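A quick write-up on the structure given underneath.
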Amino acid sequence: GAPPRVRGVRPQGHGPMDTPDPFLFCVYHKDNYPAGDAKLQAPRRGNGQDFDPAAPYRMYHGSRVPGFPQHPHRGFETITATMEGLIDHTDSEGNGGRYGDGDLQWMTAGAGVVHAEMFPLVKQSAPNPLRFFQLWLNLPRKDKMAKPAFVMHWAPEVPKVRTADGLASTTVFAGTFHGTAPLAPPPRSYASSADAEVAVWFVEMEPGGKVALPPASTSTVNRRMYVVEGSAARVATTGGDEKVPGKYLADLDAGQEVTLIAEGDDPVHVLVLQGAPIGEPVVQHGPFVGNTREDIVAAFSDYRETGFGGWPWPRDDHVFGADKGRFALVGGSETTPPDL
């Protein structure tokens with residue numbers, strides 16, 4: 001018979017959540033940062049390794065500004081899908097930006113990039129809540145050493161599909177959703193191949209809201225859902241319903257349409273990740289991903305030798321000025337969101 005529509009319902013746990021091939025990593029960042037000072041800093045200093053899940057906010061690897069000071073990557077892509085708050089990006093290619101509030105940043109590390117993602121506390125007289133997903137999407141062997149690339153998609157341009165009753169919307173970060181196409185990923189991305197069927201959909205439902213997830217071409221495509229906010233999402237299928245509680249994840253049969261229904265009295269937010277598996281060996285060591293041990297040794301050696309092009313910014317944890325709005329500096333030219 002057909003595979004079960006819903007399987008593997010289990011807690012997400014703290015920090016990185018289990019991901020299906022072609023994804024390598026998924027974290028739901030949610031930090032209630034306080035007001036910042038004139039240098040956009042937090043009131044306390046980080047210990048360099050602050051990931052405490054019980055705290056109202058975390059400094060991560062940051063000292064006075066929370067976030068992730070410069071560090072290298074090779075062999076995969078980072079996707080930063082934002083909902084609320086601001087992030088400052090700098091990298092070894094000389095690209096930079098301040099983005100958030102629904103913007104999507106997509107970076108092909110490929111042969112090697114060094115980047116920093118810092119969380120400037122831009123508001124000085126109000127809190128600075130921050131909410132976003134950090135995803136790592138693998139690159140197949142043929143593209144592991146692709147030339148690095150960086151794209152910024154501004155929130156007003158990222159497609160959002162609302163249901164007719166107004167109770168639910170789906171943000172289409174990647175992957176066509178009921179005929180609504182996403183904005184283009186970087187050229188060498190695994191998501192650039194239609195056969196890869198990569199999707200990143202963020203579903204927001206008011207109580208009673210419903211969203212149908214369209215089927216992929218076949219059940220061999222991986223699809224996983226993460227209920228990140230709210231009490232539960234009911235997954236309605238022709239074979240019956242299954243409940244996925246808040247802070248749980250579940251695997252869905254991508255070959256069949258299912259409907260997500262918000263349970264409880266609060267909004268329910270669900271991240272859906274989908275893709276045809278790459279199916280190659282994954283050897284990961286810290287920030288580097290290869291197919292073999294030798295790939296990792298080469299990555300460390302290349303990074304030691306070249307620094308992946310070096311670091312052109314004044315600080316490892318560079319942030320832009322308090323008065324700077326959202327912008328992207330890519331290949332030497334600056335763009336800003338269409339509504340600003």
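Can you list the residues, at least 5 places off or on another chain, whose amide H is less than 5 Å from the amide H of Ser219, using H built in the peptide plane? So Ser219 has HN proximity to Gly255. Each other residue within a Cβ distance under 14 Å of His14 adds +1 if Lys or Arg and -1 if Asp or Glu, for a net charge of 0. Listed values (1) 26, 49, 24, 1; (2) 31, 60, 10, 0; (3) 27, 54, 18, 1 include one computed from this model; for P(r) over Cα pairs in 20 Å bins from 0, in percent that value carries the label (2). Within the same chain, lysines fewer than 8 places from Lys123 are excluded, and of the rest, those with a Cα less than 30 Å from its Cα are Lys30, Lys39, Lys160, Lys247, Lys324. Stretching the chain fully between Thr163 and Arg234 yields a gain of 23.9 nm (0.36 nm per residue, less the alpha carbon separation).
Taking Lys30, Lys247, Lys142 as the candidate residues, the one with maximal mean-square fluctuation in a Gaussian network model of the chain, Cα springs under 10 Å, is Lys142.
If we count every other residue with Cβ under 11 angstrom of Phe76's Cβ, Lys/Arg +1 and Asp/Glu -1, where does the sum land?
Every neighbour counted, the sum reads 0.
Considering only Phe327, Phe202, Phe173, the Gaussian network model of the chain with Cα springs below 10 Å gives its largest mean-square fluctuation to Phe327. Counting other Cβ atoms within 10 Å as a rough exposure proxy, the listed residues Arg44, Arg304 run Arg304, Arg44 from fewest neighbours to most.
The ranking of Trp311, Trp154 from fewest to most other beta carbons within 10 Å of each one's beta carbon is Trp311, Trp154. What residue among Gly208, Gly102, Gly239 shows peak mean-square fluctuation when the chain is described by a Gaussian network model with Cα springs under 10 Å? Among Gly208, Gly102, Gly239, the largest mean-square fluctuation in the Gaussian network model of the chain belongs to Gly239.
Count Lys and Arg as plus one, Asp and Glu as minus one, and take only other residues whose Cβ is under 13 Å from that of Asp265; the net charge is then -4. Inter-label distance, Ser192 to Asp52: 4.4 nm, where each label sits 7 Å from its Cα along the C-beta direction. For the chain, the longest principal axis of the alpha carbon atoms and the long axis of helix 293-306 meet at an angle near 30°. The Cα center of segment 233-291 and the Cα center of segment 97-119 differ in position by 24 Å.
None of the figures in this text is laboratory data; all of them are computed from the coordinates on show. These numbers were taken from a predicted model, which means no experiment stands behind them. Backbone-built Cβ (ideal geometry, glycine too); neighbour counts: all protein chains shown.
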